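This report concerns only the one structure given below.
The values are calculated or read from the model by the stated rules, or taken from the named source; none is laboratory data. Just so it is clear, the model here is predicted, and its values are computed rather than measured. Note: ideal-geometry Cβ built from the backbone for every residue, glycine included; neighbour counts use all protein chains shown. When the accessible area is computed, the model is the full protein with side chains, heavy atoms only, and any ligands, DNA or RNA have been set aside. Shrake-Rupley method; radii C 1.70, N 1.55, O 1.52, S 1.80 Å.
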Amino acid sequence: MIYIHIPFCKQKCSYCNFHFSTSLQSKDEVLSAIKKEIFLRKDELQNKTLQSLYFGGGTPSVLSGDEINSIVDEVLKYYSFEKDIEITLEANPDDLDKSFLKDLSKSPVNRLSIGTQSFFDEDLKLMNRAHNASEAEGSIKRSQDFGFENLSIDLIYGSPTSNLEIWKENLNKTIALEVPHISSYALTVEPKTALNDWILKGKVANPKEEEQNKEFYYLSDFLKDNGFDHYEVSNFAKPGFYSRHNSAYWKYKEYLGIGPSAHSYNGSDIRSWNVANNQNYIKKLNANLLAKETEVLSSEDQFNEMIMIGLRTFWGVDLESLKDKFSDETFQRLQSEIKQKLADGILVIENNHLKIPEKHWFMADGIASDLFLV
Ligand code: SF4
């Protein structure tokens, strides 16, 4: 699978610390560099038939239909696509107007991941999103009118502008819109963000963990009652609508990340990441050089990642593959570490897979880190 990072956004959301630029001046140069990188790295993926291609960002919907097609064509020069390949484009509601959707419906993109975040203006203002509540709803309906059924929306819970009642309304609207996939995250306060600054200055209240906990479990129960599978801590899908791309990440498959700040993984012990700076990225690629750094993962790193990622999913961690991959000593250590947690019901083993029961998923990262090798 291939991930393409489009490092541009119209404006900076108050909580975001991803890599992007709000100036589109270097867009053409970045796109040329992305195509060059696809060429230079054409032999890195073992599997030449792709199951998924994912445009993430940033905001890939700042591109035109032609620009998106030209990147897909570049990938197609070196890879073939599975017949039912999933091609996802992350899109912001304010970009999904009729003319863009018309172009997109003629492209191979067959899945949209829409950055809705909330159907309430108060929340959207605090988040400094580029769209309002009516665009949030309209963009979903328009996408469906143009034939995009495989839709995911992002929703953020636990904002200081929200509460359980507002959150319930957000979820009611989501169900009424018949969206088959939802990614939902707690509002987190990252360093060097406007949100962090406002909180430090006392202009905005800190999100309350207790409130977030309540909203998370309401979300999980409500969506399951409405036919969704809760297949990863932050992800819910109707059967048949799981994200193929993200599911492959969670199953430790190899992937190639193209574009500034994109990460790649060889499915075993090599991880790399591109420079998170558009100008440096362009310069390197113009000189026919890759803009990446590479790290060889130690056995401990690989073990910790398998635990961290696997315990966030409803598949859990396959104990058989852990046993095959790591030393007897590591496996025995894990067995003794999990004993008490199994007795306390914080972990369970089903079909030889180690899992966190869903009622403890809000704490999944903490539970996983207790099992890490240091
Ligand atoms: S649109 Fe996405 S990537 Fe861009 S600033 Fe907002 S949250 Fe960050």
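With a simple spin-label model that places each label point 7 Å from the Cα along the Cα-to-Cβ direction, the separation between K192 and Q46 comes to 3.6 nm.
Note on segment 2-250: dipole from Cβ charges, positive end direction compared against I2, A136, S247; the farthest Cα belongs to I2.
DSSP assigns beta bridges within the chain; of those with both partners inside it, close to 40 percent run antiparallel. With each label modelled as a point 7 angstrom along the Cα→C-beta vector, the I346-I309 pair spans 2.4 nm.
The length gained by stretching the chain between E82 and Y217 to full extension, at 0.36 nm per residue less their Cα-Cα distance, is 44.9 nm. Ordered by solvent-accessible area of protein heavy atoms (1.4 Å probe), largest first, the residues T49, T88 come out as T49, T88.
Taking Cβ separations below 4.7 Å as the criterion for a possible disulfide partner, the isolated cysteines in the chain are C9.
Stretching the chain fully between E329 and S268 yields a gain of 19.9 nm (0.36 nm per residue, less the alpha carbon separation).
Among I282, I87, I166, which one shows the biggest mean-square fluctuation in a GNM of the chain, springs joining Cα atoms closer than 10 Å? Of I282, I87, I166, the most mobile in the Gaussian network model is I166.
GNM on the chain, alpha-carbon springs under 10 angstrom: the most fluctuating residue among P191, P260, P180 is P191. Mean sequence separation of contacting Cα pairs (under 8 Å, at least six apart), scaled by the length of the chain, corresponds to a relative contact order of 16 percent.
Summing charges over all other residues whose Cβ lies under 15 Å from the Cβ of D84, with Lys and Arg as +1 and Asp and Glu as -1, gives 0.
Sparse packing (at most 15 other Cβ atoms within 10 Å of the Cβ) combined with a DSSP loop state is found for the following GluC sites (Glu not before Pro) in segment 96-192: E149, E178.
What is the sum of charges, Lys and Arg at +1 and Asp and Glu at -1, for the other residues whose Cβ falls under 15 Å from the Cβ of N196? Neighbour charge sum, excluding N196 itself: +2. Extension gain, E337 to S105: 0.36 nm times the residue separation minus the Cα-Cα distance gives 78.4 nm. Spin-label model, K141 to D97: label points 7 Å out along the Cα-to-beta-carbon direction sit 1.8 nm apart.
Comparing N172, N351, N288 in a Gaussian network model of the chain, where Cα atoms under 10 Å apart are tied by springs, the biggest mean-square fluctuation is seen for N351.
Across the alpha-carbon atoms of the chain, the computed radius of gyration and Dmax are 21.0, 60 angstrom.
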